[in-house]
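Below is one structure; the comments refer to it alone.
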Amino acid sequence: MMCVRSAPQSQYEPLPEARGPLNGVARWAQQVSMQAQHVTQQAQQVTQQACRHGGAVIKSATLRSRLSGGEKGGGGDGGSVVSESGEAAYSAHGSSRGGGAAAPRKTVLFLGDSLITGVGCSQESSHGPALPRAVAEFLSRRLRVDVQWAAFGETGGDVRTMRSKLLPTLADEVAALRANGQNVDIVVVVCGLNDFKKAYRSSGNTAGGFCLELGELVREVKLLAGSDCTVVLPALPVHRAPVFDGIWPLQHFLAPLAALWDEQKLITAQRVRRVCFVRNAERDEWWSAKQYWAVDGIHPNDEGYRIWGEHIADGILSHLRAAQKPALLMKPAEPLA
């Protein structure tokens, strides 16, 4: 997921960004029928893999289900793991349903680096970046509403770059939404990847410096999107990237160093109202398997992005449940905190 001086940087060849739309609508009504079909397909795949590889695959599938909330209930939607389902579940940005009253809708925006632009996604598909779509799809299923999403990313960008290059675009998007009578409910900020790889190369590239920059970014996002908007700061599973396997001593120190940077996100969430920090999943050793990562060993592939996106979305729901009365989530027409 990242590249530092100690890693085999000279052999690293950057992968292209995802092909396809950078915005869309995850429609709950369309996903209901698609979910049943995909659950059947997934069960068949797990059974076939189990026959070939034994019980380890069943264990891995169970862990993936737990990670994405599949065993946590949540009503008739089931909350099971569902892969991205193609263009049928998405429509053009801002399009209407046509006929009848407008369906309840939430708006989720994404800011970030190569993880938001979809580096590592298959170039054979044209569905756009997988992480934003996975988050939107999961929230749509759980909240039983349409979720409109848009992704704004800068490959290679650190927090300072996001402030200078992405905030003006975010301001334009918020203005367009408000002109349409819509508010921004959630902004997911995926950052730290490129800040961490410059760690301690100068006096400003420290964990404390990252915390200061991040705090300013979050405050500027809330100033643009509104004080009632929830800003989400996910931890990055950097320590599980296969590219670092066997690289000593980097592999030994990578997890605590990455955790130090993620801790700054937690500190920011504690200081600023309506900011949510999503931790990495516990007992995620299986996440190191190469089947979830792109060929560079640094970025997730489509499946890895989907699993991680559902974990982030589940963390968002947990935050909302803790911050609000339970009854509020049963009324999807009302704005989220």
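Key figures
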read-out	value
Residue that is surrounded by the fewest Cβ atoms within 10 Å (Cβ to Cβ), among those in the stretch 278-295 that are over 14 Å from GLY120 (Cβ atoms) and of a type in the set (S, T, N, Q)	SER288
Subset of the stretch 211-237 [assigned to a helix (DSSP H, G or I) and either under 17 Å from ASN183 (Cα atoms) or open to solvent by 10 Å² or more (accessible area, probe 1.4 Å) (or both)]	CYS211, LEU212, GLU213, GLU216, ARG219, GLU220, VAL221, LYS222, LEU223, LEU224, ALA225
Of all residues making up the stretch 128-187, the number that are out of contact with any Lys or Arg (no Cβ under 6 Å at 6 or more places or on another chain), of a type in the set (D, E, K, R) and open to solvent by 10 Å² or more (accessible area, probe 1.4 Å)	9
Candidate set from the stretch 312-337 (those that are buried (at least 18 other Cβ atoms within 10 Å of the Cβ) and touching an Asp or Glu at 6+ places or on another chain (Cβ under 9 Å)); member that is modelled with the lowest pLDDT	LEU336
Residue count for the stretch 260-284, restricted to those that are at pLDDT 90 or above and more than 18 Å from LEU317 (Cβ to Cβ)	13
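The values are calculated or read from the model by the stated rules, or taken from the named source; none is laboratory data. Here the structure is a predicted model, which is why all the values come from computation and not from measurement. Ideal geometry is used to build each Cβ from the backbone, glycine not excepted, and the neighbour counts take in all protein chains shown. With ligands, DNA and RNA removed, areas are computed over all heavy atoms of the protein, side chains included. Shrake-Rupley method; radii C 1.70, N 1.55, O 1.52, S 1.80 Å.
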